[in-house]
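The values are calculated or read from the model by the stated rules, or taken from the named source; none is laboratory data. Computed from a predicted model, the values in this text were never measured in an experiment. Cβ atoms come from the backbone with ideal geometry, glycine included; neighbour counts cover every protein chain shown. We work out accessible area using only protein heavy atoms, side chains counted, and drop any ligands, DNA or RNA first. Shrake-Rupley method; radii C 1.70, N 1.55, O 1.52, S 1.80 Å.
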Amino acid sequence: MIKRPPINYLERKKILGTKIKAIRKSKKLTQPAFGLMINNGQLIDKKTIYEWEKGTYLPIPERLSRIADLGNMSIEELVCGNIEEYILGIILYRDSIVLDGITFPDKNLFQHLRQQFPPVHSNLDTWLDRYSKLEPEMQEFIANKTCNKVKNEKISLFNILKIEELFINAIVEEFDNNILFLTSSIEELLERMVDEWLPIQLKDMSYPEEAVREITDNINKLEQTISSIGKKYTKKKMKGGDTI
């Protein structure tokens, strides 16, 4: 996976503006002629079209649809790019999302997921935390799985709630009957042991600092070992090998 910075909502609007300009130029239309063509023969101020092409303001959905038709593409492709670009972008690169009604919030998929009420899954934070700890190869596998589901179920790219549901389901499915579910659960218990249980046991006690440090270090080492076991056998599963 090639690393790149996320596309924020301002950049997404600029990209759309560039596409609008490219479509107009490809048809060899002036800005006034372009406005007439997409507005039922009614004149659109030249400055307005200039602002569209700069990404400062955007046309209403009805006009965007006509621009997409003019460019021989769907409105989703015009606004979001192709399915792979958009879905992999919002999952793997934390690109900003596009909402139904074609609005551009200053949020990525993970921020939007955590703000939903009711949440798309009862243990949402746990599953997102587990996903964040996966190896990049495994994260990409889940992102591609989500992308395929969006394609197969013909989900609109503007239906962010359904896309989020498919993404979380893909995470849950990957952990189901997978050694990762067991190893992640053990890791979470060990983390709580260090962060919550151990401080309570040490409160008002005078155990040797060196002994306490050694205990903590060994718990952390055990957590790393458990994590490596989960990653090892998950990679086998992805390659079609046997898993436990």
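Being of a type outside the set (Gly, Ala, Ser), closer than 23 Å to Phe167 by Cα and in a loop (DSSP other than H, G, I, E, B) is not true of Arg114. Of the helices (runs of 4 or more DSSP H) lying entirely inside segment 138-206, the ones with 2 or more residues being modelled with pLDDT of 90 or more, closer than 20 Å to His121 by Cβ and touching a helix residue (DSSP H, G or I) at 6+ places or on another chain (Cβ under 7 Å) are found at 160-175. For first residues located in segment 156-167 and touching a residue at least 40 places away in the same chain (Cβ under 8 Å), partners that are among the polar types (S, T, N, Q) and in a helix (DSSP H, G or I) and lie 6+ apart or on another chain with Cβ distances below 8 Å form the pairs Ile163/Thr146; Phe167/Thr146.
Only one entry of Glu51, Glu76 meets the criterion of being under 30 Å from Leu113 (Cβ atoms) and assigned to a helix (DSSP H, G or I), and that entry is Glu76.
Among the residues of segment 15-48, those that are in a helix (DSSP H, G or I), open to solvent by less than 90 Å² (accessible area, probe 1.4 Å), over 27 Å from Tyr86 (Cβ atoms) and touching a residue at least 12 places away in the same chain (Cβ under 8 Å) comprise Gln31, Pro32, Gly35. For segment 76-121, the set of residues classified as of a type in the set (Val, Ile, Thr) and open to solvent by 40 Å² or more (accessible area, probe 1.4 Å) consists of Ile83, Thr103, Val120, listed by residue number.
Assess whether Ile2 counts as being over 18 Å from Leu99 (Cα atoms), part of a loop (DSSP other than H, G, I, E, B), within 25 Å of the chain's Cα centre (by Cα) and not charged (D, E, K, R). It is true that Ile2 is over 18 Å from Leu99 (Cα atoms), part of a loop (DSSP other than H, G, I, E, B), within 25 Å of the chain's Cα centre (by Cα) and not charged (D, E, K, R). Among the residues making up segment 89-131, those that are at pLDDT below 95 and acidic (Asp, Glu) are Asp100, Asp125, Asp129.
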